[in-house]
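Q: What follows is a single structure, and I will ask about it in a moment.
The values are calculated or read from the model by the stated rules, or taken from the named source; none is laboratory data. None of the values given here were measured: they were computed from a predicted structure. In this analysis, Cβ positions are derived from the backbone assuming ideal geometry, glycine residues included, and neighbour counts consider all displayed protein chains. Side chains are part of the model used for accessible areas, which takes the heavy atoms of the whole protein and leaves out ligands, DNA and RNA. Shrake-Rupley method; radii C 1.70, N 1.55, O 1.52, S 1.80 Å.
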Number of protein chains: 2
Amino acid sequence: VNERVQQATDAWTQLLGPKSVTTDPELLAALGANATGFAPRAVVAELHPTSTDQIPAIVHTARRYGVPIYPYSTGRNWGLGSRLPPRPGCALVSLRRLDRIREIDVRQHYAIVEPGVTQEQLADRLRDDLLPAVLNVTGSSPRSSVVGNLLERGTGFHNHRVDDLRGLEVVLGTGEKIRTGFWGTGAGPRSRHHYRQGLGPYLDGLFTQSNLGVVTAAVVNLVPAQEETSTIVFSFTGTLVAEMIEELAELYREGVLRQITHMFNDKRLLTLRGASTVPTWTGVTAVSGRRDFTALAADLIASHLGRLGASVSVISPRDEVDPFLAGLRDVHLGRPTEMFMRGVHEVLGGTSEGIDLDELDASPVGMLVCNPFLPLEAAPVLEAMDIIERTCEDRTVVPAIAINPVDGNALEMVVNIYFDRTAPHEAAAAHACNALLHERLYGAGFRFYRVDIENMSFLLSRETAGWSVVSKLKAALDPDGIISPGRYSMS
Amino acid sequence: VNERVQQATDAWTQLLGPKSVTTDPELLAALGANATGFAPRAVVAELHPTSTDQIPAIVHTARRYGVPIYPYSTGRNWGLGSRLPPRPGCALVSLRRLDRIREIDVRQHYAIVEPGVTQEQLADRLRDDLLPAVLNVTGSSPRSSVVGNLLERGTGFHNHRVDDLRGLEVVLGTGEKIRTGFWGTGAGPRSRHHYRQGLGPYLDGLFTQSNLGVVTAAVVNLVPAQEETSTIVFSFTGTLVAEMIEELAELYREGVLRQITHMFNDKRLLTLRGASTVPTWTGVTAVSGRRDFTALAADLIASHLGRLGASVSVISPRDEVDPFLAGLRDVHLGRPTEMFMRGVHEVLGGTSEGIDLDELDASPVGMLVCNPFLPLEAAPVLEAMDIIERTCEDRTVVPAIAINPVDGNALEMVVNIYFDRTAPHEAAAAHACNALLHERLYGAGFRFYRVDIENMSFLLSRETAGWSVVSKLKAALDPDGIISPGRYSMS
């Protein structure tokens with residue numbers, strides 16, 4: 001251990017207390033395990049702050065001794081690197097204990113949450129306090145961080161999660177704490193969070209997919225509770241993909257559809273439900289609002305998709321349904337579920353034991369993700385699917401694919417590659433396949449909306465001009481480059 | 001004229017040609033006239049580039065000789081300073097001749113426009129080419145810039161205009177040209193503009209209400225044309241304001257209302273229509289979509305507002321109506337109109353001649369604007385209105401007020417103070433009143449979403465910590481501070 005690291009660790013220990021600083025080499029090595037199966041990077045310590053007030057001093061110490069930090073919220077960025085830093089030599093900073101829900105306002109429908117607040121925790125609070133507001137949840141673990149997923153620009157079932165962002169509290173690389181928009185101006189309590197932009201340059205975007213600061217709290221939009229939510233579940237054959245996309249695009253343009261639609265291929269569906277046969281594609285979407293509007297909208301969507309040849313069910317919150325349909329409905333009602341990950345162990349062939357998702361990073365399950373973001377048009381989606389299928393076939397990998405229209409313009413694609421991390425040959429094939437997917441899709445003109453810590457370098461090498469602006473901002477806000485070096489950044 | 005200014009002007013003249021550089025002192029002095037009635041700031045030249053390719057060289061020259069530039073689009077930022085720089089010694093850069101509509105894509109519903117493109121020009125193009133898309137227009141002059149108003153974060157009749165932003169081309173203060181999001185990455189032609197965020201930190205927000213770069217083109221969302229648009233016009237007495245706000249808030253939360261509502265007080269309405277008596281408040285909103293949905297929504301809105309005591313009409317695009325109602329409908333159909341400014345000369349008492357809006361800055365009409373942005377709740381709106389009315393009464397000014405719910409959270413307030421610029425005493429009273437409005441509203445905890453070039457210094461003096469981050473970004477992207485010094489920035 002070099003001297004600067006020792007000094008930094010001593011200072012952090014003095015600040016946080018010895019129980020909140022992990023330096024035991026065996027424990028640190030265990031932190032390197034990750035579902036993605038990337039080679040662990042050496043970390044010099046793990047810090048466990050218990051209050052956001054400790055973050056400026058943690059940053060000052062990092063800066064003083066030149067030891068970079070890699071903060072993570074709950075570390076469940078599975079498939080993209082979990083809590084693994086791109087570069088060795090960082091101190092991990094777990095923000096899991098910063099788990100205060102600071103405020104909930106149902107009239108202005110927002111919550112102010114710290115990075116350790118999980119989607120389960122916030123959804124439970126809304127339910128237990130009978131509050132008329134709903135969280136836009138993702139299909140990841142109920143124990144994943146609301147703030148972490150939002151900053152990574154994940155998608156929920158209601159809307160793209162970054163659109164929920166209404167303000168940030170951030171500690172910059174200088175140790176300075178800022179609050180964005182009207183929040184930072186001493187505005188009155190009812191005049192802080194109703195408008196994200198504030199006055200002057202709008203800054204929140206800078207801190208999403210970013211290593212420009214440590215976010216210590218976010219103001220997150222809640223969805224006002226509605227009289228009715230109709231969940232629409234539909235299945236269809238592979239020959240109908242193009243027509244389904246065009247039909248859904250039209251329903252979004254007309255404003256009939258306003259929430260995200262998810263469509264899972266058979267491979268992906270098998271990780272959601274045990275079944276001997278499943279349809280080639282299974283989709284789910286929902287409409288919420290006054291009952292007279294949702295009835296009209298749900299009928300219209302069902303008849304349009306049915307006319308194309310899909311098999312369609314419309315489910316109300318009062319219907320008795322099987323656990324699979326209940327899971328699809330729950331996420332549209334703001335209830336997080338493990339269902340979308342529950343069957344992930346099934347993909348390892350013989351194994352039939354369940355996996356504790358909280359221990360996924362230490363399990364044999366390997367999982368890689370490729371995330372192209374496409375226009376909501378049939379032709380480019382089919383072209384991308386063709387590249388994906390041919391590439392995976394070459395490598396004898398079966399991709400689990402979800403194609404998710406998010407609004408009238410765009411479709412999120414989530415390509416999951418599962419593998420057995422205990423089988424080195426299988427793991428190597430999966431990684432090679434994922435790298436090739438990124439290369440071929442990129443070469444065909446497609447782009448990604450999230451990227452794992454290893455394929456990132458591929459993009460940086462091809463887009464140096466664009467990323468140089470990010471480097472300038474990095475130098476301005478984190479002059480010594482001590483926050484998450486190399487994550488969504490060249491520096 | 002000092003030597004650096006002379007050298008810069010020579011270099012700009014060599015670059016653009018003598019006809020594109022104004023240096024005649026009389027002509028430059030005339031550029032200082034402004035509807036706001038602010039004291040003119042001396043400018044050293046006005047440049048008239050004809051191609052966006054000239055902007056990097058203009059910036060390089062400014063930087064080389066240390067002569068700052070103040071770019072403006074069409075200069076119609078009436079009430080907030082028009083094209084007037086906050087500080088003397090700049091060269092104005094008129095971007096009016098950069099008026100190319102570079103691309104229109106109706107399937108992905110966007111247009112790529114340069115700063116000189118007016119809302120009339122873009123709306124006419126959509127109409128003339130029979131394209132199934134509609135522009136989100138503002139109530140300002142048809143000859144105002146789409147990009148300028150968007151970057152200033154103005155509001156349209158359909159939505160807040162900054163939400164239309166889907167990508168930017170910007171020349172930084174270093175002279176470097178960047179394009180944001182996927183646009184800057186060489187993505188395929190169908191994979192550039194469907195998703196504003198791109199990968200890594202989201203940058204567009206940095207260049208709104210900002211002096212961090214010169215925007216040379218913007219990708220602007222268009223609204224897909226809909227089967228039906230029902231315009232709802234309603235009037236009500238002052239006693240109903242609180243109930244109307246609460247009712248509209250509920251309609252937004254339920255998703256029945258999705259466009260901006262405007263409500264004008266009697267003073268403001270008189271600038272729209274000549275009439276001997278007008279209701280205390282007149283409102284307009286619209287619903288668009290499939291006819292079955294708009295019928296349901298329009299009926300519901302009309303019956304809810306009617307039940308409270310408002311007088312309500314629902315107008316279809318096919319109804320024959322008077323010019324006033326036609327104007328209110330036009331803006332919801334994407335047709336810009338002069339109507340919202342047409343009667344502005346009436347406020348000057350005796351005068352009954354019309355004003356050419358293109359010459360407003362040179363006319364006797366004086367106009368100041370105060371723009372608080374409030375939560376969509378009755379109590380704070382009434383509190384702010386009370387402060388405004390008492391302050392104006394003290395100064396014997398009659399404010400023209402619009403209160404405009406923009407979504408389920410927020411209400412834009414536009415307080416216009418009109419005065420005769422040829423009457424020095426009247427002008428001084430108007431300015432004093434507007435300064436006091438800013439002070440008292442700020443002191444009561446309210447905040448502003450746009451601010452004129454003079455009241456800006458009041459805010460900067462009270463919020464130095466927050467604005468210091470903007471200064472850091474300024475130093476990174478415009479190291480010599482040569483773009484619009486002092487506009488939405490301390491530097």
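Q: Spot the failing condition for A:G116; the list is (1) touching an Asp or Glu at 6+ places or on another chain (Cβ under 7 Å); (2) in contact (Cβ under 8 Å) with a residue 60 or more places away in the chain; (3) not polar (S, T, N, Q), and only one is missed.
A: Only one criterion is unmet by A:G116, namely (2).
Q: Checking the conditions here, which among B:A298, B:A379 is surrounded by fewer than 20 Cβ atoms within 10 Å (Cβ to Cβ) and within 14 Å of chain A (Cβ to nearest Cβ)?
A: B:A379
Q: Looking at (1) of a type in the set (G, A, S); (2) at pLDDT 95 or above; (3) under 23 Å from A:V287 (Cβ atoms); (4) part of a loop (DSSP other than H, G, I, E, B), find the lone condition where A:G175 falls short.
A: (3)
Q: Has region A:331-347 got at least one residue that is within 14 Å of chain B (Cβ to nearest Cβ) and open to solvent by 50 Å² or more (accessible area, probe 1.4 Å)?
A: Looking through region A:331-347, none of the residues is within 14 Å of chain B (Cβ to nearest Cβ) and open to solvent by 50 Å² or more (accessible area, probe 1.4 Å).
Q: Is it the case, given these coordinates, that A:P40 is under 17 Å from A:D361 (Cβ atoms), open to solvent by 40 Å² or more (accessible area, probe 1.4 Å) and touching a residue at least 12 places away in the same chain (Cβ under 8 Å)?
A: When the stated conditions are applied, A:P40 passes them.
Q: State whether one or more residues within region B:134-154 are out of contact with any Cys (no Cβ under 7 Å at 6 or more places or on another chain), within 21 Å of B:T216 (Cα to Cα), in a helix (DSSP H, G or I) and of a type in the set (D, E).
A: Scanning region B:134-154, I find no residue that is out of contact with any Cys (no Cβ under 7 Å at 6 or more places or on another chain), within 21 Å of B:T216 (Cα to Cα), in a helix (DSSP H, G or I) and of a type in the set (D, E), so the answer is no.
Q: Report, ordered by the first and then the second residue, all pairs with beta carbons closer than 9 Å, sequence separation of six or more or different chains, a first member in region B:12-25 that is over 14 Å from B:I58 (Cα atoms), and a second member that is part of a helix (DSSP H, G or I).
A: These pairs meet every condition: B:T22/B:L28; B:T23/B:T9; B:T23/B:T13.
Q: Right, next: Name every residue in region A:301-319 that is open to solvent by less than 50 Å² (accessible area, probe 1.4 Å) and within 13 Å of chain B (Cβ to nearest Cβ), in order of residue number.
A: Correct list: A:I301, A:H304.
Q: Something else about it: Please identify the pairs in which a residue from region A:204-218 that is more than 13 Å from chain B (Cβ to nearest Cβ) and under 11 Å from A:I483 (Cα atoms) has its Cβ atom under 6 Å from the Cβ atom of a residue that is open to solvent by 10 Å² or more (accessible area, probe 1.4 Å) and part of a helix (DSSP H, G or I), counting only partners at least 6 apart or on another chain.
A: If the second residue must be open to solvent by 10 Å² or more (accessible area, probe 1.4 Å) and part of a helix (DSSP H, G or I), no pairs are left.
Q: Next question. Name every residue in region B:238-261 that is touching a strand residue (DSSP E or B) at 6+ places or on another chain (Cβ under 7 Å) and outside any helix (DSSP H, G or I), in order of residue number.
A: B:E254, B:G255, B:L257, B:Q259, B:I260, B:T261
Q: Mind telling me which of the residues A:V398, A:V369 ends up being touching a residue at least 40 places away in the same chain (Cβ under 8 Å), touching a strand residue (DSSP E or B) at 6+ places or on another chain (Cβ under 9 Å) and under 30 Å from B:Q108 (Cα atoms)?
A: The match here is A:V369.
Q: Follow-up. Considering only region A:69-107, how many residues are of a type outside the set (A, V, I, L, M) and assigned to a strand (DSSP E or B)?
A: Looking only at region A:69-107, we keep the residues that are of a type outside the set (A, V, I, L, M), and these are A:70-79, A:81-83, A:85-90, A:94, A:96-97, A:99-100, A:102-103, A:105, A:107.
When the remaining residues are screened for being assigned to a strand (DSSP E or B), the result is A:70-72, A:90, A:94, A:102-103, A:105.
Count: 8.
Q: Only one of (1) more than 14 Å from every other protein chain (Cβ to nearest Cβ); (2) open to solvent by 10 Å² or more (accessible area, probe 1.4 Å); (3) within 25 Å of B:M456 (Cα to Cα) is not met by B:D322, so which one is it?
A: (3)
Q: Same structure again: Scan region B:223-279 for residues that are under 30 Å from A:P132 (Cβ atoms), of a type in the set (G, A, S) and within 14 Å of chain A (Cβ to nearest Cβ) and jot them down.
A: Residues satisfying the conditions are B:S230, B:A249, B:G255.
Q: Here's a follow-up. Mind checking which residues of region B:111-133 are assigned to a loop (DSSP other than H, G, I, E, B) and in contact with a strand residue (DSSP E or B) (Cβ under 9 Å, 6 or more places away or on another chain)? Steps first, please.
A: Taking region B:111-133 as the starting set, the residues that turn out to be assigned to a loop (DSSP other than H, G, I, E, B) are B:114-117, B:129-132.
The answer is B:E114, B:P115, B:G116, B:V117, B:D129, B:L131, B:P132.
Q: Of the residues that sit in region A:382-402 and are out of contact with any Ser or Thr (no Cβ under 9 Å at 6 or more places or on another chain) and β-branched (V, I, T), which one is farthest from the other protein chains (Cβ to nearest Cβ)?
A: Checked region A:382-402; the qualifying residue farthest from the other protein chains (Cβ to nearest Cβ) is A:T396.
Q: Could you list, in sequence order, the residues of region A:107-123 that are open to solvent by 10 Å² or more (accessible area, probe 1.4 Å) and away from chain B (no Cβ under 14 Å)? Lay out the reasoning, then the answer.
A: Applying the first criterion (open to solvent by 10 Å² or more (accessible area, probe 1.4 Å)) to region A:107-123 yields A:107, A:109, A:118, A:120-121.
Result: A:T118, A:E120, A:Q121.
Q: Moving to a separate point now. Suppose the filter is farther than 30 Å from B:L368 by Cβ and surrounded by 21 or more Cβ atoms within 10 Å (Cβ to Cβ); does B:T13 pass it?
A: no
Q: Determine if region A:465-479 includes at least one residue that is small (G, A, S), over 24 Å from A:I403 (Cβ atoms), more than 7 Å from every other protein chain (Cβ to nearest Cβ) and outside any helix (DSSP H, G or I).
A: No, because not a single residue in region A:465-479 is small (G, A, S), over 24 Å from A:I403 (Cβ atoms), more than 7 Å from every other protein chain (Cβ to nearest Cβ) and outside any helix (DSSP H, G or I).
Q: Considering only residues that are assigned to a helix (DSSP H, G or I) and buried (at least 18 other Cβ atoms within 10 Å of the Cβ), look in region B:438-459 and name the one that is nearest to the other protein chains (Cβ to nearest Cβ).
A: Among those that are assigned to a helix (DSSP H, G or I) and buried (at least 18 other Cβ atoms within 10 Å of the Cβ), it is B:L459.
Q: Among (1) in a loop (DSSP other than H, G, I, E, B); (2) in contact with a strand residue (DSSP E or B) (Cβ under 6 Å, 6 or more places away or on another chain); (3) buried (at least 22 other Cβ atoms within 10 Å of the Cβ), where does B:T282 come up short?
A: Answer for B:T282: the failing condition is (1).
Q: Here's another thing I want to ask about it. Name the single residue, out of those in region B:382-419 being acidic (D, E) and within 23 Å of the chain's Cα centre (by Cα), that is most open to solvent (accessible area, probe 1.4 Å).
A: Going through the qualifying residues, I end up with B:D407.
Q: Still on this structure, I have one more. Given the residues A:G200, A:G184, A:G188, which is the only one that is open to solvent by less than 10 Å² (accessible area, probe 1.4 Å), within 7 Å of chain B (Cβ to nearest Cβ) and free of Cβ contacts under 8 Å to residues at least 24 places away in the same chain?
A: Result: A:G200 is the single residue among A:G200, A:G184, A:G188 that is open to solvent by less than 10 Å² (accessible area, probe 1.4 Å), within 7 Å of chain B (Cβ to nearest Cβ) and free of Cβ contacts under 8 Å to residues at least 24 places away in the same chain.
Q: Hey, does region B:163-178 have a residue that's within 11 Å of another protein chain (Cβ to nearest Cβ), more than 23 Å from the chain's Cα centre (by Cα) and without any contact (Cβ under 8 Å) to a residue 60 or more places away in the chain?
A: Yes, because at least one residue in region B:163-178 is within 11 Å of another protein chain (Cβ to nearest Cβ), more than 23 Å from the chain's Cα centre (by Cα) and without any contact (Cβ under 8 Å) to a residue 60 or more places away in the chain.
Q: If I go through region B:260-269 residue by residue, how many of them are touching a residue at least 24 places away in the same chain (Cβ under 8 Å) and either touching a Gly at 6+ places or on another chain (Cβ under 9 Å) or open to solvent by less than 10 Å² (accessible area, probe 1.4 Å) (or both)? Full working, then the answer.
A: Looking only at region B:260-269, we keep the residues that are touching a residue at least 24 places away in the same chain (Cβ under 8 Å), and these are B:260-265, B:267-268.
Checking the rest, the ones that are also either touching a Gly at 6+ places or on another chain (Cβ under 9 Å) or open to solvent by less than 10 Å² (accessible area, probe 1.4 Å) (or both) come to B:260-265.
Qualifying residue count, region B:260-269: 6.
Q: Can you spot a residue in region A:423-437 that is within 11 Å of chain B (Cβ to nearest Cβ), more than 30 Å from A:F234 (Cα to Cα) and open to solvent by less than 40 Å² (accessible area, probe 1.4 Å)?
A: Step one: of region A:423-437, the residues within 11 Å of chain B (Cβ to nearest Cβ) are none.
No, region A:423-437 contains no residue that is within 11 Å of chain B (Cβ to nearest Cβ), more than 30 Å from A:F234 (Cα to Cα) and open to solvent by less than 40 Å² (accessible area, probe 1.4 Å).
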